[in-house]
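The values are calculated or read from the model by the stated rules, or taken from the named source; none is laboratory data. Treat the numbers as computed from the prediction; the structure is a model and nothing was measured. Cβ placement follows ideal geometry from the backbone for every residue including glycine, while neighbour counts extend to all protein chains displayed. Calculation scope for accessible area: heavy atoms of the full protein, side chains included, ligands and nucleic acids excluded. Shrake-Rupley method; radii C 1.70, N 1.55, O 1.52, S 1.80 Å.
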Amino acid sequence: GKLVNADQGVKMRTFFFRNGVSRAMRPSRRIQYVNLYQKKQFLCQNRACSTSQIARTVLDLAEGKEYSKIVENLQGSRDMHTAREYLDSALNYIDRLDKTAETKATRKRYALNTYIKLCAEHKSEEEAEWAFKLLESPSTVSYGKMVEVYGRSQNIEKALLWLEKLKKDTQDMSIAHCNIIISAYSRLHDFKNAKKFFDQCVEEGFKPDLRSYTSLISAARVSEDILLAEKIYKEMLEKDLTPDEGVYAAMLKTAVECKSELMEQFWTYKLKESRLKLSANSALQLLEVYGNMGNFRWCSHYLDVLLQSSLIQTREGFRHTVAPHLLTRGFNVVLKACMTNGDIKTAEGTFKMMTQDCIWPDIVTFNQILFTHAHSENPDARRVMFWVQKMKQYKIKPDVRTFTALLISFVSSGDVSGAMRIIGIAKKELGNLPTRKNSKHVPIVELLLGCFGYCKSEKTFKPILESLCAYTLEKNIKMDHDLYHSILSRRHDIESIESILDMMKSNDVPRTRRTFEIILNSHKLLNEEGVAEKIIKEIKIQGLEPWPKAYTCVINSYANLGKVGLAKKWFEKMKKDGLEPDVESFDSIIKAISRYEPTTVKDYFKDMKKLSIKPTKKMFFHWLYALNRLASDKVVGVKKSVSHISMLSKIFEEMKLSEFKPTHEEHSMALHICHICKKEPNALAVANEQAKILLKLRRLKLEHIDKLIKMAE
């Protein structure tokens with residue numbers, strides 16, 4: 001009542017109810033809505049607004065000659081459609097102004113630059129090109145924004161072309177423009193080119209700033225080498241640059257992605273000690289790292305940091321300074337962590353918190369919640385449909401992933417009639433949509449393929465397969481090898497595989513080598529006796545000569561099932577059939593025997609030397625694993641005749657000869673072997689050597705130090 005008069009209150013109440021805002025709103029949140037309404041900002045944060053509502057608000061602002069407010073609404077747009085509406089209104093308003101041509105050009109340039117910036121955030125290249133053409137006299141900022149558009153879209157070639165245009169047309173290139181390219185290389189996980197471009201900028205006389213080094217550290221984390229990131233950090237300190245929160249956040253992110261617990265704790269402490277406030281962008285980056293790991297504890301912590309850093313108090317009240325879609329993205333990351341952990345209760349609680357904080361959900365938000373339900377042990381179809389209704393309330397259209405989650409829920413619960421209804425609705429909703437960028441198939445085919453792996457029985461599998469055949473026939477889509485192989489790779493029972501093979505035969509689609517490789521890779525299928533022999537016979541019937549990969553698939557499947565005897569039998573059978581084992585064959589057999597017969601691993605390495613086959617890094621890890629099992633007495637009936645420490649030294653020598661650098665996991669395992677065999681000669685010396693390397697790699701843990709102390713005692 002103190003904030004607004006009664007007339008405004010009635011208008012606002014009608015406005016909120018029309019736009020689907022919760023009626024059961026907390027008083028503090030209601031005050032926030034009042035503030036947003038007064039600032040005319042609610043429209044740009046609400047995706048459910050119609051074009052007429054936007055136009056009315058813009059006209060209201062235009063009549064009051066509040067140009068800055070129009071641009072402010074443009075900056076806060078959640079999507080490109082809304083932004084385009086605001087831009088058109090802003091340009092019309094500028095044309096009607098009774099000002100000089102120069103003033104009009106300046107205002108138009110500012111509005112278009114703001115729009116191009118939004119294009120960069122939404123990775124909309126075509127819209128950016130269109131807006132740039134409208135500029136009568138582009139400024140350095142305009143060119144810089146175009147570089148950012150292509151940099152964020154990871155289109156390096158075009159970004160470099162625009163950088164050259166900027167250099168040629170304005171002759172006002174700065175280190176800030178170079179930083180965009182370094183950041184683009186960082187997003188592409190290309191440290192080599194990022195460093196090369198960085199050195200090139202230094203040679204041309206540009207002085208690197210904090211953002212340059214932050215981008216370079218972000219690129220370094222891809223190589224999973226914490227030492228490389230530390231080297232860049234030290235180089236930055238030598239240039240008399242004081243680290244900001246972005247640098248600390250980049251180092252922490254590198255430590256987390258490199259799985260270095262020691263350095264993660266160290267950089268968390270450094271960030272806390274610096275007492276620097278994390279920016280919204282840095283908080284979002286850390287949130288995404290922990291979200292990908294499924295670490296809900298740190299996800300929720302950095303979500304709070306993101307919300308706190310984005311909220312500021314003004315005369316009119318509290319408001320978010322960060323673009324609304326970035327706040328939504330932050331909550332989506334937390335929901336992804338919930339999906340990874342299968343935590344339905346927390347996912348629904350997070351959504352409730354999201355709506356309480358006046359943050360508008362998008363299609364990704366609802367898809368994450370639906371998939372959390374779909375991947376649970378017993379999906380509740382009613383609860384899933386409740387979330388679909390909720391999505392409709394927010395006026396969000398379902399996409400392929402939405403229908404996939406729905407279909408998986410019904411198929412997993414064995415509700416065939418419900419699944420058929422979902423397919424019928426999907427055909428109406430998605431039938432005319434084009435194929436997605438990352439998909440080979442049209443939406444309906446992609447939807448049906450996505451649920452084959454969740455069909456628990458033939459009762460649910462056959463109707464889905466029939467629906468796929470009927471749809472391809474209706475739309476004249478050819479059932480080719482790719483489509484059949486996609487279905488085969490998702491099924492692991494004999495009945496389903498036989499029905500797919502029969503369908504291939506009836507449609508005159510020949511069975512290729514790839515077809516049989518997919519079947520042989522299914523270790524669940526080979527669990528049944530005599531199946532592998534039948535498949536090899538079928539290969540010969542089809543007129544195909546057995547090839548090494550076919551035998552390797554069988555060996556690998558038996559290795560996964562723990563049937564080492566059968567794996568060895570098929571390895572020998574390969575030799576008898578006149579086929580020379582390749583790297584993959586040796587890798588599969590070494591993986592099998594390292595678990596159950598570790599004493600014979602070295603014999604296979606000798607065979608590889610005779611055949612001049614270079615061992616892979618994986619093989620050495622399996623050899624170390626075998627030695628670890630021998631040392632731990634986990635293999636019954638094996639006498640300890642050989643010194644494990646000397647064998648360990650031999651493995652590292654062989655690794656060195658093969659030009660492989662041992663990882664921290666291998667050094668950690670070596671230290672563990674030394675601790676088990678502490679009574680053997682040189683055990684402590686070798687353990688100390690491994691500990692020094694781990695310390696140098698920033699991977700030494702308290703448990704390693706504890707083992708060393710026990711050995712010394």
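Some observations on this one:
- Filter result for residue 167 (in contact (Cβ under 8 Å) with a residue 24 or more places away in the chain and among the basic types (Lys, Arg)): no
- Number of the exception - residue 66 against (1) within 38 Å of the chain's Cα centre (by Cα); (2) at pLDDT below 70: (1)
- Scanning segment 684-706 for residues that are more than 22 Å from residue 226 (Cβ to Cβ) and either in contact with a helix residue (DSSP H, G or I) (Cβ under 6 Å, 6 or more places away or on another chain) or open to solvent by less than 60 Å² (accessible area, probe 1.4 Å) (or both) yields 684, 686, 687.
- Cβ-Cβ under 9 Å pairs, at least 6 apart or on other chains, segment 92-112 side part of a loop (DSSP other than H, G, I, E, B), far side surrounded by 11 or more Cβ atoms within 10 Å (Cβ to Cβ): 97/67; 97/103; 97/104; 97/107; 99/107
- Flag for residue 548 being over 17 Å from residue 489 (Cα atoms) and crowded, with 20+ Cβ neighbours inside 10 Å: no
- When 649, 643 are checked against the criterion of being of a type in the set (Gly, Ala, Ser) and either touching a Phe, Trp or Tyr at 6+ places or on another chain (Cβ under 7 Å) or at pLDDT below 85 (or both), a single residue qualifies: 643.
- Complete set of residues in segment 398-415 that are open to solvent by less than 40 Å² (accessible area, probe 1.4 Å) and either part of a helix (DSSP H, G or I) or more than 18 Å from residue 383 (Cβ to Cβ) (or both): 400, 402, 403, 404, 405, 406, 407, 408, 409, 410, 411, 412
- Within segment 575-604, the set of residues being more than 23 Å from residue 664 (Cβ to Cβ) and either aromatic (Phe, Trp, Tyr) or within 32 Å of the chain's Cα centre (by Cα) (or both) comprises 583, 584, 585, 586, 588, 592, 596, 604.
- For segment 424-443, the tally of residues that are open to solvent by 70 Å² or more (accessible area, probe 1.4 Å), aliphatic (A, V, I, L, M) and either in contact (Cβ under 8 Å) with a residue 40 or more places away in the chain or assigned to a loop (DSSP other than H, G, I, E, B) (or both) stands at 1.
- Out of 284, 303, sole residue that is under 25 Å from residue 242 (Cα atoms) and modelled with pLDDT of 85 or more: 284
- Test: residue in segment 382-404 that is at pLDDT below 85 and over 26 Å from the mean Cα position of the chain (by Cα): yes
- Subset of segment 618-632 (residues that are open to solvent by 20 Å² or more (accessible area, probe 1.4 Å) and of a type outside the set (Gly, Ala, Ser)): 618, 621, 622, 625, 628, 629, 630
- Residue within segment 202-215 that is surrounded by fewer than 22 Cβ atoms within 10 Å (Cβ to Cβ), in contact with a Gly (Cβ under 9 Å, 6 or more places away or on another chain) and part of a helix (DSSP H, G or I) present: yes
- Some residue of segment 557-569 being open to solvent by 20 Å² or more (accessible area, probe 1.4 Å) and outside any helix (DSSP H, G or I): yes
- Criterion: out of contact with any Gly (no Cβ under 6 Å at 6 or more places or on another chain) and β-branched (Val, Ile, Thr) - qualifying residue of 156, 180: 156
- Residues of segment 444-485 classified as in a helix (DSSP H, G or I), of a type outside the set (S, T, N, Q) and farther than 22 Å from residue 379 by Cβ, total: 12
- Candidates 361, 379: the one that is free of Cβ contacts under 8 Å to residues at least 60 places away in the same chain, open to solvent by less than 60 Å² (accessible area, probe 1.4 Å) and in contact with a His (Cβ under 7 Å, 6 or more places away or on another chain) is 379.
- Members of segment 491-537 that are modelled with pLDDT under 85, touching a Phe, Trp or Tyr at 6+ places or on another chain (Cβ under 8 Å) and of a type outside the set (Ser, Thr, Tyr): 491, 523, 526, 532, 535
- Filter pass, residue 490 being closer than 20 Å to residue 379 by Cβ, open to solvent by 50 Å² or more (accessible area, probe 1.4 Å), part of a loop (DSSP other than H, G, I, E, B) and out of contact with any Leu (no Cβ under 6 Å at 6 or more places or on another chain): yes
- Any hit, segment 168-187, residues being open to solvent by 40 Å² or more (accessible area, probe 1.4 Å), within 23 Å of residue 141 (Cβ to Cβ) and among the hydrophobic types (A, V, I, L, M, F, W, C): yes
- Exactly one residue out of 262, 286 is open to solvent by 10 Å² or more (accessible area, probe 1.4 Å), part of a helix (DSSP H, G or I) and hydrophobic (A, V, I, L, M, F, W, C), and it is 262.
- Counting only residues that are in contact with a Leu (Cβ under 8 Å, 6 or more places away or on another chain) and of a type outside the set (D, E, K, R), segment 399-418 holds 8 of them.
- Condition met for residue 421 (modelled with pLDDT under 85, out of contact with any Leu (no Cβ under 6 Å at 6 or more places or on another chain) and surrounded by fewer than 17 Cβ atoms within 10 Å (Cβ to Cβ)): no
The rows are residues; the columns are (1) loosely packed, with under 15 Cβ neighbours inside 10 Å; (2) touching a Phe, Trp or Tyr at 6+ places or on another chain (Cβ under 8 Å).
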| residue | (1), (2) |
| --- | --- |
| 91 | no, no |
| 95 | yes, no |
| 103 | yes, no |
| 107 | no, yes |
| 111 | no, no |
| 117 | no, no |
| 122 | no, no |
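- Lone qualifier among 328, 355, 346, 372 - being open to solvent by less than 30 Å² (accessible area, probe 1.4 Å), hydroxyl-bearing (Ser, Thr, Tyr), assigned to a helix (DSSP H, G or I) and closer than 16 Å to residue 303 by Cα: 328
- Filtering segment 530-545 to residues that are among the β-branched types (Val, Ile, Thr) and open to solvent by 60 Å² or more (accessible area, probe 1.4 Å) leaves only 541.
- Filtered residue count, segment 331-343, keeping only those that are part of a helix (DSSP H, G or I) and charged (D, E, K, R): 1
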